[in-house]
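Engineer: The structure under discussion is supplied below as structure tokens; questions concerning it will follow.
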Amino acid sequence: MNLYPYLKAIESGRPINATRFITLLNNEHVNFDSLGVAEFVRPERYFIRISNHDLFDKLLAKYAPSRSRIHAAKQGNSHRHSAHSAYLTAKFGLKAQTHIAIECSPEKAPEEMSNFDHLTPVILIENSDCFTFSEDFLVAMELEDIGVESLIIFSSGNAITHKQTQRFLSQFEKVYYCPDYDLAGLEIFETLQKQLGDRIIFTMPSNLACYHGYCQKPDKQKQFIKALDKAHHWKFAELASLFSKGLGFIEQEIFLGEEYE
């Protein structure tokens, strides 16, 4: 819970849960007694009378929703706000020797961000080694046929879910997402699916469950349960089978083979 809703309620003269508010202040190393006093209204609700208005104004400014990356940096954490633009590293085709830098920014229409036709297949590869050795990796993913004429993008975890990146991807008819087979991979897919709908394809080799011996147990059992539920929800039968047999997750580098160790 953020301090800001409580601060705004106090500014508007509304009663708040003072116990919760004081706990949040303590978490931020702010002494409530240096800020004001609490006046009982009813159980768990108090009016807060501010005595130190300078401190209150500083707290209000610090915990207000950030307006930009710069504003968030001034608040002490630039990562509270999404960056203005995103940049994608990509290549066209499996055998490409030249990499492409794609700027995804709000000033550009999606079709202005690259010169590729909207019918060009897009392949998102989660991790850098699989992107580097995409020719062999996409054979394992059973995408080698379309990979020859595809825009292959290094998706780099959650970076691919940036608002402007999703806007760029929305111009293409088919986007193949090659993830790690874990909870994070499923959650990234779900984020992209909200924007791209049926155009986003969660990519799995037909023999995925055969790799169950490489599964690693997650740190928290609830992560595994949540991932298995999502696999069933999306009717990803091969993924659900992998999870059920291996009782854990695998990273996509498994598919590169020992020759890349």
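The values are calculated or read from the model by the stated rules, or taken from the named source; none is laboratory data. Because the structure is predicted, anything quoted here is derived from the model rather than measured. Backbone-built Cβ (ideal geometry, glycine too); neighbour counts: all protein chains shown. We work out accessible area using only protein heavy atoms, side chains counted, and drop any ligands, DNA or RNA first. Shrake-Rupley method; radii C 1.70, N 1.55, O 1.52, S 1.80 Å.
Engineer: Computed FRET efficiency, Cβ-Cβ of ASP57 and GLU107, R0 41 Å: what is it to the nearest 0.05?
Structural biologist: With R0 = 41 Å, the Cβ-Cβ based efficiency is 0.75.
Engineer: Can I ask one more? What nm distance separates the two modelled labels at ASP198 and HIS212, each placed 7 Å from Cα along Cα→Cβ?
Structural biologist: The answer from the label model is 3.2 nm.
Engineer: Something else: Summarise the accessible area of the chain (1.4 Å probe, protein heavy atoms) by the percent that is carbon and sulfur.
Structural biologist: Carbon with sulfur: 49 percent of the solvent-accessible area.
Engineer: Students often get this wrong, so try it: which of [x] -1.02; [y] -1.13; [z] -1.27 is log10 I(q)/I(0) by the Debye sum over Cα atoms at q = 0.15 Å⁻¹ as calculated from the structure shown?
Structural biologist: [x]
Engineer: May I pose another question? So how far, in whole Å, is the C-alpha centre of the stretch 8-64 from the one of the stretch 155-185?
Structural biologist: Each part reduced to its Cα centre gives a spacing of 41 Å.
Engineer: How do VAL175, VAL30 rank by accessible surface area computed with a 1.4 Å probe, from largest to smallest? Walk me through the numbers on the way to the answer.
Structural biologist: Values: VAL175 0, VAL30 25 Å².
Solvent-accessible surface, decreasing: VAL30, VAL175.
Engineer: To make sure I understand the rule: partners must be aspartates and glutamates, Cα under 20 Å from the Cα of LYS8, and not fewer than 8 residues away in the same chain. Which ones qualify?
Structural biologist: Straight-line reach from LYS8, under 20 Å: GLU28, ASP33, GLU39, GLU44, ASP54, ASP57.
Engineer: Taking Cα atoms, how many degrees apart are the long axis of helix 18-27 and the longest axis of the chain, rounded to 10 and kept between 0 and 90?
Structural biologist: Its long axis makes an angle of about 60 degrees.
Engineer: By accessible area of protein heavy atoms, probe 1.4 Å, what ranking do ASP198, ASP33 get, highest first? Provide the component values of the computation, followed by the final result.
Structural biologist: Numbers: ASP198 150, ASP33 120 Å².
Order by accessible area, largest first: ASP198, ASP33.
Engineer: In addition: Given LYS95/LYS163; LYS174/LYS245; LYS194/LYS217; LYS174/LYS194; LYS194/LYS235; LYS194/LYS222, which pairs have Cα atoms separated by over 20 Å?
Structural biologist: LYS95/LYS163; LYS174/LYS245; LYS194/LYS217; LYS194/LYS222
Engineer: Are there GluC sites (Glu not before Pro) in the stretch 1-54 that DSSP puts in a loop and that have at most 12 other Cβ atoms within 10 Å, and which ones?
Structural biologist: In loop regions of the stretch 1-54 (DSSP not H, G, I, E or B), the sparsely surrounded GluC sites (Glu not before Pro) are GLU28, GLU44.
Engineer: Another question about this same structure. Kirkwood hydrodynamic radius for the stretch 137-261: how many Å is it when counted over pairs of different Cα atoms? Write down the numbers at each step before the final one.
Structural biologist: On the way: mean 1/r = 0.0658 Å⁻¹.
Every distinct Cα pair counted, the radius reaches 15.2 Å.
Engineer: If I fit a long axis through the Cα atoms of helix 53-63 and take the longest principal axis of the Cα atoms of the chain, what angle between them do I get, 0 to 90°, rounded to 10?
Structural biologist: 10
Engineer: I've got another one for you. With +1 assigned to the C-beta of every Lys and Arg and -1 to the C-beta of every Asp and Glu, and no other charges, what is the dipole magnitude of the chain about the Cα centre in debye, to the nearest 20? Mind showing how you got there, number by number?
Structural biologist: Values: 27 positive and 34 negative charges, 371 e Å.
My answer is approximately 1780 debye.
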